[in-house]
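The values are calculated or read from the model by the stated rules, or taken from the named source; none is laboratory data. Bear in mind the structure is a predicted one, so any value in this text is a computation, not a measurement. Here the Cβ is made from the backbone with ideal geometry for all residues, glycine too, and neighbour counts use every protein chain on show.
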Amino acid sequence: MKKSVLTRYRVMAYVTGVLLVLLTLGVIAKYLLDMDGADSFTRVVGIAHGWLYVVYLVFAFDLGSKAKWPVAKQLWVLLAGTIPTAAFFVERKVTRELEAKIAEDAPVAAKA
């Protein structure tokens, strides 16, 4: 597995996680605090999160299929983009696991 597969997953995990936290704060501001402008903010961030979550799903599925994960683990990683802050924790755990695997699979350069 290439490191680029992990990198693009990580980028999308952070983007999705940040947008979901912003969306959660926007919903709190809109419904609990009744703030002006929260409606349009929530709409824009919600649309952005929705579209980018689809990209996250594609990259996470690609990563899971190349890493040969079991279905349960694959589902947990895919759902992490829907739980505020979960994407950050899952991304960190996945990165630690797969960086070690990538390092083992990397060819060792011959010394002259």
Item checked: Ser40, sole failed condition from (1) more than 30 Å from Lys66 (Cα to Cα); (2) at pLDDT below 85; (3) of a type in the set (Ser, Thr, Tyr) -> (2)
Next item on the list: Examine the range 46-55 for a residue that is of a type outside the set (Phe, Trp, Tyr), at pLDDT 90 or above, within 30 Å of Glu104 (Cβ to Cβ) and in a helix (DSSP H, G or I), and state whether such a residue exists.
Entry: yes
Item checked: Answer from Thr7, Thr16 - the residue that is under 15 Å from Arg92 (Cα atoms), loosely packed, with under 14 Cβ neighbours inside 10 Å and of a type outside the set (Gly, Ala, Ser) -> Thr7
Note to self: All but one of (1) surrounded by 12 or more Cβ atoms within 10 Å (Cβ to Cβ); (2) modelled with pLDDT of 90 or more; (3) not β-branched (Val, Ile, Thr) hold for Pro70; state the number of the condition that does not hold.
What the structure shows: (1)
Notebook entry, point to check: How many residues, within the range 81-101, are more than 16 Å from Arg8 (Cα to Cα), within 12 Å of the chain's Cα centre (by Cα) and in a helix (DSSP H, G or I)?
Noted result: 3
Next item on the list: Take Phe61 and decide whether it is over 11 Å from Thr16 (Cβ atoms) and surrounded by 17 or more Cβ atoms within 10 Å (Cβ to Cβ).
Entry: no
Next item on the list: Would you mind stating whether Gly64 is within 13 Å of the chain's Cα centre (by Cα), in a helix (DSSP H, G or I), of a type in the set (Gly, Ala, Ser) and at pLDDT below 90?
Entry: yes
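Quick check, is Lys30 in a helix (DSSP H, G or I) and either buried (at least 18 other Cβ atoms within 10 Å of the Cβ) or touching a strand residue (DSSP E or B) at 6+ places or on another chain (Cβ under 6 Å) (or both)? Quick ask: steps written out before the conclusion?
On the way: in a helix (DSSP H, G or I): yes; either buried (at least 18 other Cβ atoms within 10 Å of the Cβ) or touching a strand residue (DSSP E or B) at 6+ places or on another chain (Cβ under 6 Å) (or both): yes.
The answer is yes for Lys30.
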Next item on the list: Could you please let me know if Glu91 is of a type outside the set (A, V, I, L, M), at pLDDT 85 or above and more than 17 Å from Lys2 (Cβ to Cβ)?
Entry: yes
Margin query: Looking at Val90, Val27, can you tell me which residue is touching a residue at least 24 places away in the same chain (Cβ under 8 Å) and not aromatic (Phe, Trp, Tyr)?
Written below: Val90
